[in-house]
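Reviewing the structure listed below.
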Amino acid sequence: MRDLYHGEKPPVRAPPCGKITATDITLPEERALTTTVEPTGWTDPDPTPAALLLLGRATDPDSERGVDCPGALPAASDPSLAERARVARAALGDRAFLLGHHYQRDEVIEFADVTGDSFKLAQQAAARPEAEFIVFCGVHFMAESADILTGAHQRVILPDLAAGCSMADMATFDQVSEAWDVLADAGVADVTVPVSYMNSSADIKGFTGRHGGTICTSSNAERALDWAFGRGEKVLFLPDQHLGRNTAVRDLGLSLDDCVLFDPHKPGGGLTGQQLRDAKMILWRGHCSVHGRFTLDSVNDVRERVPGVNVLVHPECRHEVVAAADQVGSTEYIIKAIEAAPTGSAWAIGTELNLVKRLALAHPDKRIMFLDKAVCFCSTMNRIDLPHLVWSLESLVAGEVVNQITVEPETARYARAALDQMLALP
Ligand code: 13P
Ligand code: SF4
C-alpha cells in the first residue's frame, strides 16, 4: 500500500498536549527549600515557528481533517478490543514483531514484544530478519528507520499514519539543502559534518548520509559528536537545537558561544558568514513540543516544594532546564535511573507523561512526579491506540497489509549509510 505520509504534505495531527489533571500523579507534601537555580547564559529569543497550531490559536482546515484510517476502524468503546488484539496477535505468531516506544499508551505497550527508546527499537528492528511484519507502535520517523534497516521481504506497519512528529516536521529536505548552500557560500560546507537526530524524516537522514554524516539518538549523541568532530571542524546538528546544544556544552565542554542557531525561516539562516565561520556547532532551529514545555521555573518550583528531590530530564529539554537538572538521559536511561534509585527517594521527571505515569506505578516505594504542573502527553505518540492496533493486526491476519511505511530506495540507501554509521559508533 502507498505510504500516505512520505513525500507529501505531512499528515496533520492534533496539538501536542493532551490534558489530564495534575492529580494523576500525586505530588508529595510541599516544603520550603533553599536551592533555586539561576538561568544559564542561554535564552531562546522567540519561539521556534511550530509545525503545529496551538490550541485556540487560529485554525488549519487541513490539519483538522487529520488522516483517515483507510479501513473500518473498530469503535473505541468496543469492550472486546483488548481480546481482539490478543487473538489477532496470537494468530500472527512469529510472522509479526511488535515494537513499542516508551511513550506509547498503556493499552498499546501491553502488546509490545519489546519496548525501548528510539535507539534500542532501531537495533531491535534490524535484529529480526525472520519477522514478516514489523508493527511499529511509535511515530513515523521510527517506522521509516525500521523500513530502512530491515530486509526487502519485511513490511513495516504504522497503525495510524497520523502518528508523526512535530520536531521531525521542522526540518524539510528543501530547507536543509538550502541551508547547505548557505554554508557553502560561507566557505564552511567542506569542513562541516551533518549529524541528524533520529527524530527526522528519511529525507533528512538521506541528506546526512550523502554528506558523510551520521544519525544519533539521545543515548549516543555525545559519541556521534565526538565522531563528527574527528572528521570535520564543525557540525550541522538537525533538527533538535536542544539536544545539539546540551550535548555540545554539557558533554563535550564547548561553550554556548561556540553554538549558533540556524533559523530556516530567515534568509541565510539569520546568520552572517562570519558567524558561521566562527561557530563549531550550527544548530537547526527545531525543538520537541513536549520537552520544550519544561522550564527553569518548573525545576525551581519542584525543588522548593520537595526537599531533596532529584530532577531527571530528557536532553530534548531546554538548555537551562538540563543545566539545572541532577541527571539527564534518554528514556531508556531514565528508566534505569529510577530502577536503581533507593527506596524513599523523590524524582521529578521531565519527559513524556505516559512513561512517567508507568514509572510512578511500577515504583510505589519511590516518590515519582512529573516535572511540570502543566502535564503533557505527546499527542502523536498517542495516536496509536487500541482501535488502530486491532485494525492493523486483524487486517494482517486477513492477508491485507495496511499502513505500510516504505522509503524510496535512493533515499533509503544514503539514509542507511548514516544509520549504519550510528550503529557502528564506538
Ligand atoms: P528517545 O526514545 O531516544 O529517548 O527519544 C525520545 C523521543 O522524543 C522520541 O520521540
Ligand atoms: Fe516528536 Fe517530541 Fe513527540 Fe518525540 S515526544 S515524537 S520528539 S513531538
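Below, the figures for the structure above:
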quantity: Members of the range 275-297 that are in contact with a His (Cβ under 8 Å, 6 or more places away or on another chain) and either among the hydrophobic types (A, V, I, L, M, F, W, C) or more than 13 Å from ligand 1 (Cβ to nearest atom) (or both); calculated: Arg285, Cys288
quantity: Number of the exception - Ala146 against (1) more than 30 Å from Ala88 (Cα to Cα); (2) touching a residue at least 40 places away in the same chain (Cβ under 8 Å); (3) within 14 Å of ligand 1 (Cβ to nearest atom); calculated: (1)
quantity: Single residue of the range 133-152 satisfying the filter (among the aromatic types (Phe, Trp, Tyr) and away from ligand 2 (no atom under 12 Å from the Cβ)) that is farthest from Phe119 (Cα to Cα); calculated: Phe133
quantity: Any chance Ala374 is among the aliphatic types (A, V, I, L, M) and part of a loop (DSSP other than H, G, I, E, B); calculated: yes
quantity: Test: residue in the range 311-325 that is more than 16 Å from ligand 2 (Cβ to nearest atom), assigned by TED's automatic domain parsing to the domain that holds Asn354 and more than 28 Å from Ser200 (Cα to Cα); calculated: no
quantity: Matching residues, the range 321-339, being among the hydroxyl-bearing types (Ser, Thr, Tyr) and outside any loop (DSSP other than H, G, I, E, B); calculated: Thr331, Tyr333
quantity: Residue that is farthest from the chain's Cα centre (by Cα), among those in the range 185-213 that are in a strand (DSSP E or B) and over 20 Å from Cys288 (Cα atoms); calculated: Thr192
quantity: Those strands (runs of 3 or more DSSP E) lying entirely in the range 217-287 with at least 3 residues crowded, with 23+ Cβ neighbours inside 10 Å; calculated: 234-238, 281-284
quantity: Qualifying residue in the range 360-373 (condition: out of contact with any strand residue (DSSP E or B) (no Cβ under 8 Å at 6 or more places or on another chain), in the same structural domain as Ser145 (by TED's automatic domain parsing) and among the aliphatic types (A, V, I, L, M)); calculated: no
quantity: Which numbered condition Ser219 fails, given (1) touching a Phe, Trp or Tyr at 6+ places or on another chain (Cβ under 8 Å); (2) at pLDDT 95 or above; calculated: (2)
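To keep it simple, each residue is scored yes or no on (1) among the charged types (D, E, K, R); (2) within 16 Å of ligand 1 (Cβ to nearest atom).
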site	(1), (2)
His101	no, yes
Glu110	yes, no
Phe119	no, yes
Val182	no, no
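Condition check ((1) surrounded by fewer than 20 Cβ atoms within 10 Å (Cβ to Cβ); (2) closer than 30 Å to Leu261 by Cβ) across all residues:
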residue	(1), (2)
Asp94	yes, no
Val108	no, no
Glu130	yes, no
Cys137	no, no
Ala152	yes, no
Ala162	no, yes
Asp169	no, yes
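The values are calculated or read from the model by the stated rules, or taken from the named source; none is laboratory data. Just so we're clear, the structure is a prediction, and the values are computed from it rather than from any experiment. Note that each Cβ is placed from the backbone with ideal geometry, even for glycine, and that neighbours are counted across all protein chains shown.
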